[in-house]
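Worksheet for the structure shown next.
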Amino acid sequence: MVKILVATKNKGKLKEIQEILGDLPIKLMPLPESASDVEENGSTYLENALIKAKTYGQKYKLITLADDSGLEIDALNGLPGIYSSRYLGKDTPFEEKMKNILELMKNKDNRKARFRCISVLYFPNEDKFVSFEGVVEGEILKEICYGNSGFGYDPIFKPDGFDKSFSELGTEIKNKISHRSKALAQVRDYIENNLLGGEMIEIKINGKRLPANKYVYSVFEKVIYAILSTLKDLPEIETVEIKIEKKEEK
Ligand SMILES: O=c1[nH]c(=O)c2ncn([C@@H]3O[C@H](COP(=O)(O)OP(=O)(O)OP(=O)(O)O)[C@@H](O)[C@H]3O)c2[nH]1
Ligand SMILES: [Mg+2]
């Protein structure tokens, strides 16, 4: 089974990654408690994500997933941005960081903000990586709104289209719309199409390729076969072609 090291020391992030990718037939390995810290001294999210992915990937010799993320507030010129974790000092409690931000935002009408996440999948054997970006737009609330879930700045961020903080909305909604879930949806596609074995299915109707030409689990193939065998009896459908290619797991 494909093993992927999840290179984060943030338990909230780890939990979200496990929830979002947990149904894939892969083994997600957390960092050992003893893993040493790395200095995230890059000047972009990508550089920082790569520092984490490469350091731990090379150390533990496993395909490694890391992300670097941050909260960008327009009225504060994009801060805390890549400094989100280090803002007011890495060990300062988030309650204090959030109170400070709310104070700076006290008289600001423009409360637009976004969370950005860059996820990196690093392959130590080839010293190669792929990266993906996810963004969720929203606003900074006027007060701290704690709910039952989330971490970091979640209690002061309200995503567009909702009237509650990320923390109040709960894990299920956050994991559908968050910056991390958008980046991880692309990681999922990459894993499904490049690392997993199984069958690749390609479907053509009247010679036109359907967009759903991707790795599918065999139960879906059977459903697709059943639908297509019904479709092919309709007059406007002349040909239905299905190609299934066996792929070895990497
Ligand atoms: O309210 C939040 N909801 C989120 O969904 C979220 N995602 C990131 N962040 C914050 O932005 C910084 C990222 O820094 P970061 O990517 O370096 O992570 P980190 O240092 O916490 O862990 P690691 O993965 O580096 O080990 C950290 O302060 C996080 O708390 C979030 N805050
Ligand atoms: Mg960090």
* Asked: away from ligand 2 (no atom under 14 Å from the Cβ), of a type in the set (S, T, N, Q) and touching a residue at least 24 places away in the same chain (Cβ under 8 Å) - does that describe any residue in the range 43-50?
  -> yes
* Asked: Could you say whether any residue in the range 21-36 is more than 18 Å from the chain's Cα centre (by Cα) and within 16 Å of ligand 2 (Cβ to nearest atom)?
  -> yes
* **Number of positions in the range 160-182 that are surrounded by 21 or more Cβ atoms within 10 Å (Cβ to Cβ) and farther than 26 Å from K90 by Cβ** => 1
* Asked: Any idea how many residues of the range 147-179 are more than 19 Å from E103 (Cβ to Cβ) and within 8 Å of ligand 1 (Cβ to nearest atom)?
  -> 7
* strands (runs of 3 or more DSSP E) enclosed by the range 144-250 - at least 2 residues per element that are modelled with pLDDT of 95 or more and of a type in the set (D, E, K, R) -> none
* the range 1-20, residues that are touching a Lys or Arg at 6+ places or on another chain (Cβ under 8 Å), touching a residue at least 60 places away in the same chain (Cβ under 8 Å) and within 16 Å of ligand 2 (Cβ to nearest atom) -> K13, E16, I17
* To do: Check whether at least one residue in the range 86-95 is assigned to a strand (DSSP E or B), of a type in the set (S, T, Y) and assigned by TED's automatic domain parsing to the domain that holds Y153, and report yes or no.
  => no
* To do: Filter the range 52-84 down to the residues that are in contact (Cβ under 8 Å) with a residue 60 or more places away in the chain and among the polar types (S, T, N, Q), then identify the one that is farthest from ligand 1 (Cβ to nearest atom).
  => Q58
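The values are calculated or read from the model by the stated rules, or taken from the named source; none is laboratory data. Here the structure is a predicted model, which means the values were calculated and not measured. As a convention, Cβ positions derive from the backbone with ideal geometry for all residues, glycine included, and neighbour counts pool all protein chains shown.
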